[in-house]
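The next block holds one structure in the form of structure tokens; read it before the comments.
The numbers here are math on the coordinates, done by the rules we state, and not lab data. A quick note: this is a predicted structure, and the numbers were derived from the prediction, not measured. No Cβ is skipped: glycine too gets one built from the backbone with ideal geometry, and neighbour counts run over all protein chains shown.
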Amino acid sequence: MENHIERRSSCRRQRVVLFPMPFQGHINPMLQLANILYSKGFSITVIHTNFNSSYKSNYPHFTFRPVLDNDPKDNNLAKLASKGIGDLLLGIMLLNQCGADSLHRELEQMFVASKQQHEPIVCLITDALWYFTQSVADSLKLPRIVLRTSSLFCVNVYASIPLLDDQGYFNQADSVFYEENIMSPDDTSNFKKTKSSKPVLNLEEQVPEIPLLKVKDIIKMRIKGQEDPTGKLLANMLKQTKASSGVIWNSFTELEEPELKKILQYFPVPCFLIGPFHKCFPASSSSLFEPDRSSMSWLDHQSPSSVLYISFGSTAQLEEQQFLEVVHGLADSKQPFLWVMRPGFIKGLEGTEPLPKWFLDLVGERGRIVKWAPQQEVLAHKAIGAFWTHNGWNSTLESICEGVPMICSPFWGDQPLDARYVSDVLKIGIYLENGWAREEIASAIRRVMVEEERDEIKKRTKCLKEKVNSSLSKGGSSYESLETLIGYISSF
Ligand code: UDX
């Protein structure tokens, strides 16, 4: 015990600088990681863009420093704060292109201050997508550790993009079906691969290069190949992650063991799987929206395992037609529900204008709609029976940790990969992989909430929840990996 305290107090003389991406799904894990490191005795500085940093007041024990978009004379960067989430990719690219000087200056000033305080900055931890930070860290001889906020499986697929591109899988990424995700499965037979010399594949076919995936999973990522801006961004991310001093993952070994082997071969640097982070520190304090706590008292009045929780994260948007299919599917399922409808969640609209009057009556009887929920608490509530999710990695982990089965409706990026993993590998969710047809929605809800199949899924989710808990306990994989990480950072 004494040694532990001694180490903590001596560690407090070391400062770690963390730099999150300014989006909810990236801020939450980075701030949770910051809290974990603080609890281990490190001082914390968080550098942030002004684009999305409203959570600062919840962390009086951290130092916050603005960078990049805080210079009003810089036309590129100053405009960024006023841009919407639709410009997400543009913002990431812009900051990666223009951010180096500003970050360099800021870090130099921090070095001066840290010297005066006798509290050396020992390393920089940045989101993997901030790939430009590697050269800045190198020029200052500061070790950079990468935080990758997705699954390992997702990164293994990203690493295969050049191979998949050469095979022609991205050729038809504009396919109407997967841009809008509303056609019936029969329509998918029209999809053909053209670049490959292989025979024509349909979307339901397995990808031989990554047998876990179907062709349509690759299309759903919405990357158009290695020369596409997103493809280039990911290639840079991987390259600069390889050049870093280590990678921290918000995952745990037992969840992705076969993927870990590939990751260790791909990245020649130490890897630390210390997740799920949120089990140590909740996400609500880094929320960009105000959670509506009335959802909790509403849940208190519902029967155990009876409520379907629906949330598609902080950025996904539904077409109006898809939204109405959800409305009908929910009504037909006859199950109680708690539905998060973020402002702007229906494409082109601020509110929920298309909601029919009859559905609002139904909400009065057996539903609740909120703009933002305290998601972790909701998932931990005994009334929750299943989570209809977009499979952002944080939501996926939060569901796993609470032993809640999922219905998977991914939109883009890593989400279709996580959905496939949840449904086909972990077998703890039902993948609505053919879009948004009301009959399929109602059927999936009943399968996961009332029909016999539910018991098997529930058994597997419970087993996985136990694995999470043991990985975080003393001697468990995440616990031990965190200890190694702390030793590693302290040694810089
Ligand atoms: C984004 C990407 O979409 C995702 O695929 C990637 O893995 C991370 O970045 P996002 O879409 O916001 O994230 O999804 P997710 O990763 O699930 O993160 C959402 C976070 O917001 C979760 O921590 C969740 O608990 C929180 N949340 C969501 C709430 O607190 N309340 C809500 O009502 C909805």
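For the chain, the dipole from Cβ point charges (+1 on Lys and Arg, -1 on Asp and Glu) about the Cα centre works out to 1340 debye, to the nearest 20.
Place a label point 7 angstrom from the Cα of ASP292 along the Cα-to-Cβ direction, then list the residues of region 352-384 whose backbone nitrogen is under 14 Å away. Residues passing the 14 Å test: 352-353, 355, 360-361, 363-375.
A full extension of the chain between ARG65 and VAL450 corresponds to an added length of 133.6 nm, given 0.36 nm per residue minus the alpha carbon distance.
Of the peptides 17-25, 425-433, the ranking by mean beta-carbon count within 10 Å, highest at the top, reads 17-25, 425-433.
Under 12 Å from a label point 7 Å along Cα→Cβ of LYS467: give me every residue in region 251-284 with its amide N that close. Answer for region 251-284: 252-260. Highest-first packing order for the peptide set 437-444, 398-405, 361-368, 148-155 is 148-155, 398-405, 437-444, 361-368, based on the mean count of other beta carbon atoms within 10 Å.
Each residue of region 346-363 was assigned a 3J(HN,Hα) from its phi angle through the Karplus expression (A = 6.51, B = -1.76, C = 1.60, θ = phi - 60°), giving 9, 3, x, 10, 8, x, 10, 3, x, 5, x, 4, 4, 6, 4, 4, 5, 4 Hz with x at Gly and Pro. With helices as the sole contributors, the chain gives -12500 deg cm²/dmol at 222 nm; each DSSP H run of n ≥ 4 counts as -39500 (n - 2.57), and the sum is divided by every residue.
Stretching the chain fully between VAL363 and PHE492 yields a gain of 40.9 nm (0.36 nm per residue, less the alpha carbon separation). With both labels modelled 7 Å from their Cα along Cα-to-Cβ, the SER305 to LYS459 distance reads 1.3 nm. Per-residue 3J(HN,Hα) values for region 314-319, derived from phi via the Karplus relation 6.51 cos²θ - 1.76 cosθ + 1.60 with θ = phi - 60°, read 9, 10, 5, 10, 9, 5 Hz in sequence order (x marks Gly and Pro).
Listed values for region 240-254 are Karplus-derived 3J(HN,Hα) couplings in whole Hz (6.51 cos²θ - 1.76 cosθ + 1.60, θ = phi - 60°), namely 6, 6, 4, 7, 7, 8, x, 10, 9, 10, 8, 7, 9, 3, 5, and x replaces Gly and Pro.
Take the Cβ atoms of LYS334 and LYS115, set R0 to 51 Å, and the FRET efficiency comes out at 0.20.
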